[in-house]
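A quick write-up on the structure given underneath.
The values are calculated or read from the model by the stated rules, or taken from the named source; none is laboratory data. All of these numbers come straight from a predicted model, not from anything done at the bench. So basically every Cβ, Gly included, is an ideal-geometry build from the backbone, and we count neighbours across all protein chains shown.
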Amino acid sequence: MGFDKFGRKSFTSFTKTGKFVDLLAEGKVEGTVCKQCGAKYFPPRADCAKCLSKDMDWFELPKKGTLETFTTAMYAPFGFEADAPYTMAVVDFGAGVKAFARLAKDFSDPKIGMDVTVRPLKYDDGQITFEIAKA
């Protein structure tokens, strides 16, 4: 599957981390880890920003994280107008791994510090992304 299937609207069809979309389609949310220095990245990166190695591997995000912060957008940028309002949040998984994503539409009453998880989401039009849900 190509990267053109990622997100609400995709602006690119090719990336060196295109496998990310395939993993989401399989129900897995994964990041990359540098085989040289151990730095972890989410969203995934093809090259390590810490040691500049191209020797990367995949790792599955932990099942639980902590809701660190969130905000609700009452408007949306061009191409996303029908999505507003929506809530975006940051989840801390520890060890320097964080995820930034929308809260699931059925996520009510978010509280900083609560346990959450990140899961794949497939839109009606076939696009694939990830969202934050209650753990």
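Here are the numbers for the structure shown:
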{"read-out": "Test: residue in segment 6-14 that is surrounded by 16 or more Cβ atoms within 10 Å (Cβ to Cβ) and either in a helix (DSSP H, G or I) or at pLDDT 95 or above (or both)", "value": "no"}
{"read-out": "The listed residue being modelled with pLDDT of 95 or more, more than 20 Å from Glu26 (Cα to Cα) and surrounded by 10 or more Cβ atoms within 10 Å (Cβ to Cβ), out of Thr87, Thr117", "value": "Thr87"}
{"read-out": "Residues (out of contact with any strand residue (DSSP E or B) (no Cβ under 7 Å at 6 or more places or on another chain), without any contact (Cβ under 8 Å) to a residue 24 or more places away in the chain and not aliphatic (A, V, I, L, M)) located in segment 59-104", "value": "Tyr75, Pro77, Phe78, Glu81"}
{"read-out": "Residues that are part of a loop (DSSP other than H, G, I, E, B), surrounded by 12 or more Cβ atoms within 10 Å (Cβ to Cβ) and hydrophobic (A, V, I, L, M, F, W, C), drawn from segment 102-113", "value": "Ala104, Phe107"}
